[in-house]
């Protein structure tokens, strides 16, 4: 975090103060407290100047007379682009009901929708900073709103942080939210963790010393520290293990940070020479990273005093990425990233995460004030997807090119089989019209309607085609006059 704000950041604060003048938060504080808190969070995460400025102005277009053009003229295209992205995300959330009232897939699709609309990774990071401060000040809201926002944070925003591998943020967000969703359970589990850690404290210090002495003997530079399991994480684990805490082996873990990948594996060998490794409890996320890019070696051992302890072993870069996720990209300068890339340190990432490499390079240029093509920061995770809505507000994801019958069969076969028409955005349409991002689709049905072979020409997705063919095949068995069903065409 910089010691002194730049002239542009100071100017953004002035503009935001003037724009939000006379507005107050539910806490009774002037509204500007919130944008300034978002600014501080983004600076703590090491974000670039344009992102910090966009964080200061993130509510301005939606809540004040300040326009996007005003922001563009004053702070440039990049800041306007980010503010516009955050505004679009906020608009997508407007009118959201309590998340428990939606279909299960809507919860996941809302997360996907945020990523798709976010467009630029920094938009999502600003939105997460915004949500984090709102959670930290949630006590000022009425109980019903507290629970609604907390549930949404658990179901959507904490998973989004996890998707971006922002581990520290995910933990804080989930625990803050869980405290409001189930305060009694939160208190029980917090007491359980505190008691366990108190009992384990002396033993863990001895283990730290033993491991540290062994690493020093092998001249391995290291940092070692304890990692306490979060309340919400324990809650989820207990649910998987029938509430039996004796089956939770990572309640407390020791984290060892070393210089390079070779030292990670040397450290693993040293730990296994000191203690007995538990069978099936070694996970190598360095050789095979998690889907969100997380890398570390996990091993669970039984110590000399029969205590079960998990170790996490990683490099400094891996640790920063595990803590801050994609925001950590902004910590490193371009030279370091280029060197790592040339050494092949990130070549083993899964194909679906290769965009992280490009993102890191571009982020480093932004940090140094270099001009970059904003398209380089586009997120293409769901580039082939569109998100459409039911009249009740549920979100359905479909591939680009999908038609109304694809939507109908995605909802249910019974709906697809009895389609007589479709309304798109409140207006009658036809079954040949391609659906577009954000469409509200209402399927009209009749129990007297039956599927037709000609519908195969009005379907795009394999799922809908399979459902329709299944129904047509069933009906053909009861009618010898039925025309033969054409084979599935590859789209």
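The values are calculated or read from the model by the stated rules, or taken from the named source; none is laboratory data. Predicted, not measured: the structure shown is a model, and the values here were computed from it. Don't worry about glycine lacking a Cβ; one is built from the backbone with ideal geometry, like all the others, and counts go over all protein chains shown.
The table below gives the values:
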| read-out | value |
| --- | --- |
| Filter result for the condition that a residue is at pLDDT below 90 and either surrounded by 13 or more Cβ atoms within 10 Å (Cβ to Cβ) or not assigned by TED's automatic domain parsing to the domain that holds residue 48 (or both), over 331, 275 | 331 |
| Output for the range 400-423, where each listed residue is surrounded by 15 or more Cβ atoms within 10 Å (Cβ to Cβ) and more than 18 Å from residue 445 (Cβ to Cβ) | 402 |
| Any hit, the range 211-218, residues being without any contact (Cβ under 8 Å) to a residue 40 or more places away in the chain and crowded, with 17+ Cβ neighbours inside 10 Å | no |
| Spans of strands (runs of 3 or more DSSP E) in the range 240-332 with at least 1 residues out of contact with any strand residue (DSSP E or B) (no Cβ under 7 Å at 6 or more places or on another chain) and farther than 27 Å from residue 188 by Cα | 276-284 |
| Output for the range 219-239, where each listed residue is out of contact with any strand residue (DSSP E or B) (no Cβ under 9 Å at 6 or more places or on another chain), modelled with pLDDT of 90 or more and farther than 16 Å from residue 158 by Cα | 219 |
| Residues of the range 26-55 satisfying the condition of being in a loop (DSSP other than H, G, I, E, B) and out of contact with any helix residue (DSSP H, G or I) (no Cβ under 6 Å at 6 or more places or on another chain) | 28, 29, 31 |
| The listed residue being touching a residue at least 12 places away in the same chain (Cβ under 8 Å), under 24 Å from residue 188 (Cβ atoms) and crowded, with 20+ Cβ neighbours inside 10 Å, out of 173, 166 | 173 |
